[in-house]
Each structure stands twice: as C-alpha cells, then as structure tokens.
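Every number here is computed from the coordinates shown, using simple stated rules; none is lab data. None of the values given here were measured: they were computed from a predicted structure. We place every Cβ from the backbone using ideal geometry, glycine too, and count neighbours over all the protein chains shown.
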There are 2 protein chains.
Amino acid sequence: MPSVPGVPRVRCAVLLLSGGLDSYTAGAIERANGYDLFALTIRYGQTHDREVAAARDVARALGVVKHIELNVNLAAFGGSALVGDGEVPKDRPLDVSDGIPSTYVPARNTIFLSLALAWAEVVGAEAIVIGVNALDYSGYPDCRPEYLEAFERLARLATRAGVEGQSFAVLAPLLRMTKADIIRRGTALGLDYGLTHSCYDPDPNGRPCGRCDSCQLRARGFSDAGIVDPVAAAKAME
Amino acid sequence: MPSVPGVPRVRCAVLLLSGGLDSYTAGAIERANGYDLFALTIRYGQTHDREVAAARDVARALGVVKHIELNVNLAAFGGSALVGDGEVPKDRPLDVSDGIPSTYVPARNTIFLSLALAWAEVVGAEAIVIGVNALDYSGYPDCRPEYLEAFERLARLATRAGVEGQSFAVLAPLLRMTKADIIRRGTALGLDYGLTHSCYDPDPNGRPCGRCDSCQLRARGFSDAGIVDPVAAAKAME
C-alpha cells in the first residue's frame, strides 16, 4: 500500500488464531509492534470445539479488525489423532527426539498459511502471524524456520500482489522462545491466559485432560515461568 | 514406499480435479503413465455447482481409487469475481498481456496444492497432479513453472514424509501445451469431453455462457485442434 504524507501508515497482518496461548501471545506481540490484526480460525475437524470458543474470546481480547472462522474438514483425509484417527497420546515424556507424534496433522500449517495468504492478499495485509515454536514444538516439521522461509518464497510467487512486487512476511515471534519465555512475555503484555485452551483432548465440559503433550507443555511452561496458570487454578478450585 | 521383489510397485498420485477439460486430461495422462489416482475436488464457493457435477462424472470415467469433495469457503475472504465479488468478465480479447483478470482467486492453487499434499501424505502418494497451463493460463501467477517448483520444495520441508526423505512431485503435464494440444492429446487417449464443464458463469440449467475467458479458450482450443466440442454441439442442437 502506498503511504500518504502526514498519515501514519496502517500495517495489517492476518493472525492464525487457534485459541491456545501461543497464537494469543504471537498476536499480542505483533499488535504491540504496530500491526492491525485480522484473525483467522480454522475449524479443521478437531474432535472438540472448546478451542474454537477460546479463539472467539481471544480475538475479542486482542481487538482484531475482523475474525473469520473457516471450516476445512481435514478429517476427510484422516491420518491424525487430532482429527479422529487413533487416540491422543497421554503421559508421554516431553522429548522431541521421540520423533513426530500421532497428533501431527499432515500439511496442517501449509494449509493454514495458504488460507491466511489468500485473506492477506484480499485485505492488503503484508504479513501473516503464526504462533509456531521451534523449541517446544513437539517435533512437527512445519514449525521449523526453514519451512517458514520456504513459505515466504512461495507466497511471493503465488500471488498477484507478489507479481506486483509485494512480499508477505511470515512472522513467527515465538519461534525461538521456550514456553516459559512465551508465558512471561504474554504476562508482561497483560494477557489473560484464562481465556485460552491448549488441551488436545478435553472432557465433555471442555476441561483440559492434563495429560496430553499440549497440556504437559503448558504446565511445564507455567511452572518454569513461576506463574500460576489461571486455567489450571480454576480446575483445581472445582 | 519400499518395493517388493516380483510385485509391480503401485504409484499413487492425488489429482486436483475440477470438472474442466484440463484436469481430466492431466489425470488421464498420468494414469497412462502408471499412477493410481486419488481425485480431490474442492468446492470453494464458486457461484455455480455445475462444475462439481462434472467432476463426479470425470472421476468415474478416470476410474479413480477414491474421490473426495471438500468444502472450503473462499468466498469468506472475497476478492474474486469467481466467488461472487463482481461480474465475471465477458467477451474479453484473449490476451494474457492484459494482466491478471478479476477471475483470479487469491492463493487458490496454493490452497489446493496444500490440501492435496495433506491427502498425498496420508495415502502415501508420491505425486500431485494439477492441470495448470503456462500458455493459455489467463495470466494467473500460480500457474507458472517457478511457482510449482517452489511448492515442491515447500512440500519436502512441510511434511513428516519429507523429513523421512520422501519428495512429492507436482506433475503438471499440460504446463507447456496449448489448449489445442491438450484436446488432441485427450482425444487420442479416448476421453469424453462431453462430461466436462469449463464455463465460469453458466446459466441456471448449467449451460455454458460461451463468452467468459474459459469458454473462449475452450472454443478456440477445439477450433485450433480441428475437433468438435461435444458440449458446444449439444448446446447447438437445442
């Protein structure tokens, strides 16, 4: 977008928003960096909806320009415990060298980034924000820096905007942070992590299982940060 | 997939199947090259359904292993005449140097290839077949060879299979063919183009308008090939 003299240039970014604490924090960091946010939540056939409800609360808390929820039924392809094929593993040691877990969803981030790219091009956003993390990333290939760089290259070639000289940055502000770093940073930004949901396999009332990879990573993160998880605290009060 | 001595190795590919003549021909060429096909049709909020009905007929004619239709409502983002934003242009001169037309759908092929990649990884397919064309391509950026190569590179980085050493080929057998070449090749392979639908803006009975870019390219292709278009012939008989 060309800038107008005397008018501060508005920079927009599409935020991939899951309802977990990572995408909330990533969005808050880039909002603090001056981006107006367009939040995109993709309902991809997860076996529970609790996460989507959390995404709505988080979008409101972030003050996004617009929030779109898009259905893409990845369960049609199968191949992941997260979309109904097999059990979500519980009580696994948190060790990335175990390889890629059964909660890996084939090509998920590529699909998510592609959809975000489409919206970014339509609204004139120059960036996509994604809350991926290369340290506590549970071994997913599509959370690695070289993957994100390859997507940026593709995005320039894929779009009309790219042909016209625009580039799309993939902003992954959490990429090299530990979960504890993320939680400390979000807490410093005043985020309410009580709005978020991280569990892969909540009970029928939407309460976290406390035993899947995601619950374990979250618990360790809050513990390492020396901060109380409001979700765990609420569960303990019941 | 490791090969077993004495057993012919089955090679699988996911075919992006639209119901038009290009994806039908591309699928038939790769089937003749020895691939078992998994057909993926994406309903992305086009303003008409005639094309999806054609995709079912074509999938049957190609003898695919499985056909999945997936809804992805790209109309939620707007930004294209193909998904309800603005009029489909009619009677435009067929001149690619006009730039990228309003029927361009932001990031469409990236979204389609990403979804095909997900299914390819699940079923163990080593290729994705897409009917794009760099000559008669109406000026879309995501039909260029450098774009397809960038996607192959991304696919290796994006997936568990890629991490484990597999690569995914993006097969675009029509890339350097004219529409007339495509029609001649498909006719030689015995394809029934009467099953296909190309029009961006059919009438309520599903009949082609004859005036959009896609209809014009199709008519010129059949004319240049010296072959009668069975769809146009049926329309003329009414």
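Of all beta bridges that DSSP places with both ends in the protein assembly as shown, some 5 percent have antiparallel geometry.
Gap in Å between the Cα centre of region B:201-238 and the Cα centre of region A:116-182? The distance from the Cα centre of region A:116-182 to that of region B:201-238 comes to 41 Å. Averaging 1/r over every pair of different alpha carbons in region A:116-160 and inverting the result gives a Kirkwood radius of 11.7 Å.
A Förster distance of 25 Å, applied to the separation of the beta-carbon atoms of A:Cys209 and A:Ala53, puts the FRET efficiency at 0.90.
Where only DSSP H runs of four or more residues are counted, chain B gives -11500 deg cm²/dmol as its mean residue ellipticity at 222 nm, each run worth -39500 (n - 2.57). Across region A:121-175, the relative contact order, built from alpha-carbon pairs under 8 Å that are at least six residues apart, equals 51 percent.
Its Cα gyration tensor gives the protein assembly as shown an equivalent ellipsoid. The semi-axes, each the square root of 5 times an eigenvalue, are 42, 26, 19 Å from largest down. DSSP bridge analysis restricted to chain B gives an antiparallel fraction near 5%, rounded to the nearest 5. A label point on B:Asn73, set 7 Å along the Cα-to-Cβ line, lies at 1.4 nm from each of its counterparts in the other copies, closest listed first.
Based on C-alpha pairs under 8 angstrom that are at least 6 apart in sequence, chain B has a relative contact order of 23 percent. Sparse packing (at most 16 other Cβ atoms within 10 Å of the Cβ) combined with a DSSP loop state is found for the following trypsin sites (Lys or Arg not before Pro) in region A:109-193: A:Arg176. Each of A:Glu69 and B:Ala233 was given a label point 7 Å from its Cα along the Cα-to-Cβ line. The distance between the two points is 5.1 nm. Seen from A:His197, the other residues with C-beta closer than 13 Å to its C-beta sum to a net charge of -3, counting Lys and Arg as +1 and Asp and Glu as -1. Taking only the alpha-carbon positions of region A:11-237 and ignoring solvent, what does the Debye formula give for the base-10 log of I(q)/I(0) at q = 0.14 Å⁻¹? With one equal scatterer per Cα and no solvent, log10 I(q)/I(0) is -0.86.
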